[in-house]
1. Compute, for chain A, the length of the dipole vector about the Cα centre, with Cβ point charges of +1 (Lys, Arg) and -1 (Asp, Glu) only. Units Debye, rounded to 20.
2. Mind sorting A:101, A:119 by how few other Cβ atoms lie within 10 Å of their own Cβ, fewest first?
3. Pairing the Cα long axis of helix A:53-64 with the longest principal axis of chain A, what angle in degrees results, from 0 to 90 and rounded to the nearest 10?
4. From the label point of residue A:79, set 7 Å along Cα to the beta carbon, how far off in nm is each other copy's matching point, shortest first?
5. Could you please rank A:117, A:126, placing first whichever residue has the fewest other Cβ atoms within 10 Å of its Cβ?
6. Amide H neighbours of residue B:10 under 5 Å, at least 5 residues apart or on other chains, H built in the peptide plane: list them.
7. Once amide H atoms are placed 1.01 Å from N in the peptide plane, what residues at a sequence separation of 5 or more from residue B:26, or on another chain, have their amide H within under 5 Å of its amide H?
8. Okay, helix-only estimate at 222 nm for chain B: each DSSP H run of n ≥ 4 adds -39500 (n - 2.57), divide by all residues, round to 500 deg cm²/dmol; what do you get?
Number of protein chains: 2
Amino acid sequence: MNPKQMTFPDPTDTEAAFYAAFRRLDIGQMEDVWLDSAKASCVHPGGGLLLGIDAVLASWGEIFRDSQPPQVEYRLIQTSTDAVLAVHTVEEIVSSGSGERRARVLASNVYRLVDGSWRMLAHHASLPLVEPHARKHQKPLH
Amino acid sequence: MNPKQMTFPDPTDTEAAFYAAFRRLDIGQMEDVWLDSAKASCVHPGGGLLLGIDAVLASWGEIFRDSQPPQVEYRLIQTSTDAVLAVHTVEEIVSSGSGERRARVLASNVYRLVDGSWRMLAHHASLPLVEPHARKHQKPLH
């Protein structure tokens with residue numbers, strides 16, 4: 001892993017850089033955003049658990065490869081912050097570069113303060129398959 | 001909301017009580033586990049965001065109603081802990097009471113220390129739809 005180029009004084013800075021890296025398919029900046037740690041973890045929508053920075057960055061490299069830059073918007077729903085740990089709940093709206101697919105994604109983003117900069121420690125994203133009002137008429141497993 | 005009955009000196013205690021409440025369909029204990037807060041949030045597998053303790057507990061009430069006690073196992077994959085905030089990554093194996101359905105679920109559980117007890121602040125669960133090795137052969141949106 002290369003030395004970190006950017007410093008993020010607040011978790012919202014890290015989050016902005018994360019979505020900018022996604023939007024630009026910029027794997028270098030994505031590497032900057034993430035904490036260089038075996039504890040880094042990522043769950044893409046519908047995906048399994050990716051554990052450790054190497055697996056996490058490899059997955060983003062795979063997503064970025066041969067892609068058209070997607071449209072990515074996000075809305076911060078709420079935050080919980082402690083001295084060196086922060087958790088954000090975010091709604092993402094992601095459209096593929098071709099514009100064919102558009103998804104509303106829910107994400108839990110976890111940040112850790114290390115050496116004066118907040119880095120992403122975990123990203124857990126999921127795709128709501130069922131509208132809340134429709135859930136009343138069926139029995140979810142959990 | 002009733003006064004809290006139980007005290008959880010460690011986030012792992014809260015987590016054990018959360019899964020025990022799920023296993024026993026015990027809404028009273030589930031209420032004890034959760035932080036009584038407008039910031040409490042829950043995402044069930046495939047579900048939308050539930051925000052605020054009332055919406056969160058109502059969803060669990062709905063899941064528990066007329067259900068057979070499910071089999072719920074869980075495995076703590078990793079933890080990140082700060083003074084008053086903790087994030088756990090957990091793998092759950094949930095089987096419906098009838099045994100018809102069995103799901104492997106990934107969850108991010110967030111806990112907050114308030115008045116000497118750790119309470120659940122957020123639960124974000126998702127169902128991996130694609131095996132990691134299968135993802136190499138398709139282009140995920142994200």
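1. Numbers: 14 positive and 17 negative charges, 124 e Å.
Its charge dipole is roughly 600 debye.
2. Details: A:101 13, A:119 24.
Result, fewest neighbours first: A:101, A:119.
3. In chain A, helix A:53-64 runs at an angle near 60 degrees to the longest axis.
4. Label-point distances to the other copies, shortest first: 2.6 nm.
5. On the way: A:117 18, A:126 29.
Taking fewest neighbouring Cβ atoms as first place, the list is A:117, A:126.
6. B:118
7. The list, which skips near neighbours in sequence, is empty: none.
8. Working: 4 runs with 37 residues, N = 142.
Mean residue ellipticity at 222 nm (helix-derived): -7500 deg cm²/dmol.
Values in this text are rule-based calculations from the coordinates and carry no lab data. This one's a predicted model, so the numbers in the text were calculated from it and none came from an experiment. Here the Cβ is made from the backbone with ideal geometry for all residues, glycine too, and neighbour counts use every protein chain on show.
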